[in-house]
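Just so it is clear, none of the values below were taken in a lab; they were calculated from the coordinates. Keep in mind that this is a model prediction, so the values were computed, not measured. Here the Cβ is made from the backbone with ideal geometry for all residues, glycine too, and neighbour counts use every protein chain on show.
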Amino acid sequence: MVALTQTKTSSRAARLQSVVLTDALLLRLWTAVFGTDPARTLLCPGGRAGFDRRFGLLLRELGLDGVYTPGCLRGGGAIAFFEATGSLGELQYRGRWEAPKSMLHYLQQGLAVSVWSRLLPTTRARIFDLAACAPLLLEAAEQWRE
């Protein structure tokens, strides 16, 4: 278990929150990086600014600078967990969302992006072609109604 001492909601929800790591590969990586650190060691010195700086450096090294933000981690994790389990209740608990409405915003947007990224390039091209035809289709529909 990992304690979260400075979350976005720690001023209005539980001051100390936690997450449980269950993915085997993530647990191995976590143990390799932090396994010998004493309890209560800050994993990301410098708080939010320190995390943002390190995250930005990682993205730059991967050639993804400007593509993702730290906020993508929560949404991406929510989508992956929901697709794997189908459990909204467990997702709400693990994501530490007080209200289901907040969680659903992540899911709705993320699932749409997730579906789009899995489409074949030919299917995406057809969608763009159809979108380009929209003004002509609208004009034809308006004339047909007259």
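Selection of segment 5-29 for residues being free of Cβ contacts under 8 Å to residues at least 24 places away in the same chain and either charged (D, E, K, R) or not in a loop (DSSP other than H, G, I, E, B) (or both) yields 8, 12, 15, 18, 23, 24, 25, 26, 27, 28, 29.
From the list 73, 4, exactly one residue is in contact with a helix residue (DSSP H, G or I) (Cβ under 9 Å, 6 or more places away or on another chain) and within 26 Å of residue 84 (Cβ to Cβ). Which is it?
Values: 4 fails: in contact with a helix residue (DSSP H, G or I) (Cβ under 9 Å, 6 or more places away or on another chain).
On inspection, the qualifying residue turns out to be 73.
Residues of segment 40-63 that are in contact (Cβ under 8 Å) with a residue 12 or more places away in the chain and not in a loop (DSSP other than H, G, I, E, B): 47, 48, 51, 52, 55. Evaluating residue 38 against the criteria (1) more than 21 Å from the chain's Cα centre (by Cα); (2) surrounded by 12 or more Cβ atoms within 10 Å (Cβ to Cβ) leaves one unmet condition, (2).
Residues are listed down the side, and each one gets a yes or a no for (1) within 30 Å of residue 7 (Cα to Cα); (2) touching a Cys at 6+ places or on another chain (Cβ under 9 Å); (3) among the β-branched types (Val, Ile, Thr); (4) loosely packed, with under 12 Cβ neighbours inside 10 Å:
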| position | (1), (2), (3), (4) |
| --- | --- |
| 50 | yes, yes, no, no |
| 109 | yes, no, no, no |
| 118 | no, no, no, yes |
| 125 | no, no, no, yes |
| 128 | no, no, no, yes |
| 132 | no, no, no, yes |
